[in-house]
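Worksheet: the structure to be examined is printed underneath.
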Amino acid sequence: MPAIYKRTLVTSALPYANGPLHIGHLAGCYLPSDIYVRYKRSKGEDILFICGSDEHGAAIPIRAKIEGTTPKEIVDKYHKMMGDSFKEFGISFDVYSRTSNQIHHQTASDFFKTLYDKGSFTEETTEQYYDEEAKQFLSDRYIIGTCPNCANPNAYGDQCEKCGSTLNATDLINPKSTLSGSKPVLKLTKNWFLPLDKLQPKIQAYLNEHKDWKANVTGQCKSWLDNGDGLQPRAMTRDLDWGVPVPVKGAEGKVLYVWFDAPIGYISATKELRPTDWELYWKNKDTRLIHFIGKDNIVFHCIIFPAMLMEHGDYILADNVPANEFLNLEGNKISTSKNWAVWLHEYLIDFKDKQDVLRYMLCANAPETKDNDFTWADFQTKNNSELVAILGNFVNRTLVLTHKYYHGSVPSAETFTKEDLLTLEQLASFPDKIVASIEAFRFREALAEMMNLARLGNKYLADTEPWKLIKTDEVRVKTIMNIALQITCNLAIVCEPFLPFTSAKLLNMLNMPVLKWHAAKQTSNMAAGHQINKDELLFAKIEDEEIKIQIDKLELSKKNNTVIVVPPAKAETSFDDFSKMDIRTGTILEAERVPKTDKLLKLKIDVGIDTRTVVSGIAEWYKPEDIIGQKVSVLVNLAPRKIKGIESQGMILMASNAEGELSFMNSTKPDFNNGSEIK
RNA sequence: GGUGAGGUAGCUCAGUUGGUUAGAGCAUCGGAUUCAUAACCCGAAGGUCACGAGUUCAAAUCUCGUUCUCACUACCA
């Protein structure tokens, strides 16, 4: 089982620099990793916390094009924005680097070279589109053309966003380069593949050593390994000009695959932070490496990156990869493009100084074992019924009484009753309970345990009733208040990983220095006679009004997005081109599901000329029995194509909205005969 | 369709190798209390453990089937 490690290296997934951060990012991996690291630091352990912006990949140049700017400006903008958000929410990275740094380019480049020299890669030459004007190969996203499926003239080389089909660039009709607008030519290109198929036994063995990983993580890995023929070779280079150049002769105009270079970002960030002894954290068996990620990154961190490290040979592998599931917002998926999100930088405008409230909420509601939902109503309840009522209230009543009875001077504990001793014993047991949960990456459990300490305090005060005793037994009250203050002080220590701002505020009120974790096992951190500062409220109630504003804001963005998103006008086309299409009216005679598919219906349509079979992807919106007799428009001279073994002889025309939902368009004169031409 | 993860109280979740009346927090209701941000403290109510079958003395837990949700993947002419 786990060796005794001397130090820990914690990485958090590198966020992609093409948009601001939202609550899903925080809940997914940054908050859990921050809690873990803060606790380890508090214990005095040797630990580094690494992160940075992922600034490569094909999506960034495209985003730049849309915004009419350069990739560099995009990544600069979001790198700063994300870094600021992390800082504001107390995510305590030791370094927040970026993959566009020179040090990263060098590190990733060297890494690739090492694998290349070792002969780890296989080379494969394929035909790809090349733009002769721009003098470069075109990645799929740089090519647009007419979708062979739905005739959308603006389909991308990898996917048609209109009909959703996955494409190869070579499938496109009339391909065009988005760089120069010219017609690209097919040219041979060489790319380097990591033969994951050959590495599968080693990867399997590695995963077998880590049966203790979370169920969602091992499950995902298993599914990759067991699926079909197992792992497949994966290209580690791309024909693109944005990224780390491939350091090999004959690879001009190529960059490293973003998922090859991004995880190496962890290494280069460590180098940047510790130029002299970074290898201690990456190449020494006494170091424990932990990757905090979201579930979408599991395959890269559990299979591909370890495979790269194995091939290299010098590096240690991750000992654990605690991946979280996804956080939804008010019942819907968080979506950057639909603006369905709570943005971190906006949150702080509406909820100034309430970083810890969000941290608390996101930890208490973290999607640790399954997707979870963030609702504003729940946010309010957690703040008002837990932070205010339990934690804030306990601290407040203790401090108020201390000022009232002793002018803020800690009273001395005289003689302990049985009840006192029991309370002190429980107090001392909390750190270990919280530790057990944190070490098992069960942060919501750990947080609940922390709150139980505040509950213990509330109960102790309710049971001992110092406000009554003060009239009859002042000596006894001294002891009671001393204990209540000790609980308050220890709360400040154990809440620090979760609520760092609150902890600092509380220590300040107590006029205490920062205390290490082990101090929380002691029951006499505050000496008699110690003078505390003026008390103030730790948490404020959140009123219905404030919540309503947030919900309205979301509703508004929902409305805006459903109304505004209309695809842009297409390029002009000629009447000749249009008249080449033979579109007829028809009637659906038969309809049935195509087995083993989710979306496909096999239709028999009378189009006047004949009755033909058409396979159509409308099963998500129409049941077969409901559309028999439905009048449709059919493109009848489209080249036939086999889909799932069925020859489809045409295409029915459907309206499609922003959500990709499809609808029939009805003629207003029902008696039009089948086969009428649509012009 | 394939693979993986889930389905437990109104809500969010625990439930370790199958073993007494299935737990917690919040919400609800009742009581007590006033130091405290109408907060705290005590108590109650609330569950056919998605559904169906099987194995067993015993199933939330194991097996098989069905169904729903999410992710990856295939399919959208």
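Data overview
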quantity: Cα-based Lys pair tally, the stretch A:27-88, threshold under 28 Å, eight or more apart or on separate chains; calculated: 8
quantity: Inter-part distance where the stretch A:458-536 and the stretch A:183-236 are each reduced to a Cα centre, Å; calculated: 53 Å
quantity: A:LEU653, A:LEU556, A:LEU391, reordered so the largest accessible area comes first (probe 1.4 Å); calculated: A:LEU556, A:LEU653, A:LEU391
quantity: Calculated P(r) tail over 24 Å for the stretch A:322-443, as whole % of Cα pairs; calculated: 49 percent
quantity: For the stretch A:575-664, alpha-carbon Rg relative to the globular expectation (2.2 N^0.38 Å, N residues); calculated: 1.06
quantity: Taking all pairs of distinct alpha-carbon atoms in chain A, Kirkwood radius in angstrom; calculated: 29.2 Å
quantity: Filtered GluC sites (Glu not before Pro), the stretch A:246-332: DSSP coil and at most 14 other beta carbons within 10 Å; calculated: A:GLU252
quantity: Per-residue HN-Hα couplings for the stretch A:290-295 [Karplus 6.51, -1.76, 1.60; θ = phi - 60°; Hz; x = Gly/Pro]; calculated: 10, 9, 9, 8, x, 5
quantity: Cα-based reach from A:LYS198 at 18 Å (exclusive), listing lysines while leaving out same-chain residues under 8 positions away; calculated: A:LYS118, A:LYS222
quantity: Within straight-line cross-link reach of A:LYS599, lysines at Cα separation under 16 Å, skipping those fewer than 8 residues along the same chain; calculated: A:LYS162, A:LYS623, A:LYS642, A:LYS644
quantity: Under 5 Å, built H, 5+ apart or other chain: amide partners of A:GLY408; calculated: A:HIS403
quantity: Karplus-derived HN-Hα couplings along the stretch A:465-470 (A = 6.51, B = -1.76, C = 1.60, θ = phi - 60°), whole Hz, x at Gly and Pro; calculated: 6, x, 5, 8, 5, 4
quantity: Residue-averaged [θ]222 nm for chain A, counting only DSSP H segments that reach four residues, each worth -39500 (n - 2.57); calculated: -12000 deg cm²/dmol
quantity: Carbon and sulfur %, accessible surface of chain A computed with the full protein complex present, 1.4 Å; calculated: 52 percent
quantity: Nearest-10 value in Å² for the accessible area of A:LYS72, using the 1.4 Å probe; calculated: 120 Å²
quantity: With Cα atoms, 0 to 90° folded angle of helix A:355-364 axis to chain A main axis; calculated: 70 degrees
quantity: Between the stretch A:47-120 and the stretch A:357-412, the Cα center-to-center distance that results, in Å; calculated: 36 Å
quantity: For the stretch A:536-549, 3J(HN,Hα) per residue [Karplus equation, 6.51 cos²θ - 1.76 cosθ + 1.60, θ = phi - 60°, Hz, x = Gly/Pro]; calculated: 9, 6, 6, 9, 9, 5, 9, 7, 3, 4, 5, 6, 4, 4
quantity: Where Cα atoms sit under 17 Å apart: lysine pairs in the stretch A:375-521 separated by 8 or more or lying on different chains; calculated: 10
quantity: Rounded to 10°, Cα long-axis angle of helix A:215-226 versus longest principal axis of chain A; calculated: 30 degrees
quantity: By accessible area with a 1.4 Å probe, ligands and nucleic acids excluded, highest first: order of A:LYS271, A:LYS113, A:LYS183; calculated: A:LYS183, A:LYS113, A:LYS271
quantity: Surrounding net charge for A:MET581, when Lys and Arg each add one and Asp and Glu each subtract one, Cβ distance under 14 Å; calculated: -1
quantity: Given charges at beta-carbon only (K, R positive; D, E negative), |dipole| of the stretch A:375-521 in Debye; calculated: 260 debye
quantity: Rounded accessible area per residue of the stretch A:375-521, 1.4 Å, Å²; calculated: 40 Å²
quantity: Percentage relative contact order, the stretch A:18-96, counting C-alpha pairs under 8 Å, at least six apart; calculated: 45 percent
quantity: The stretch A:375-521 shape via C-alpha gyration tensor axes, a/c threshold 1.5; calculated: prolate
quantity: Sequence-distant aspartates and glutamates (8 or more away, or on other chains) whose Cα lies within less than 16 Å of A:LYS183; calculated: A:GLU127, A:ASP131, A:GLU132, A:GLU133, A:ASP140, A:ASP171
quantity: Å² of accessible area per residue within the stretch A:1-145, as computed with a 1.4 Å probe and no ligands counted; calculated: 40 Å²
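The values are calculated or read from the model by the stated rules, or taken from the named source; none is laboratory data. Predicted model only: the values in this text are computed from it and were never measured. Note: ideal-geometry Cβ built from the backbone for every residue, glycine included; neighbour counts use all protein chains shown. Side chains are part of the model used for accessible areas, which takes the heavy atoms of the whole protein and leaves out ligands, DNA and RNA. Shrake-Rupley method; radii C 1.70, N 1.55, O 1.52, S 1.80 Å.
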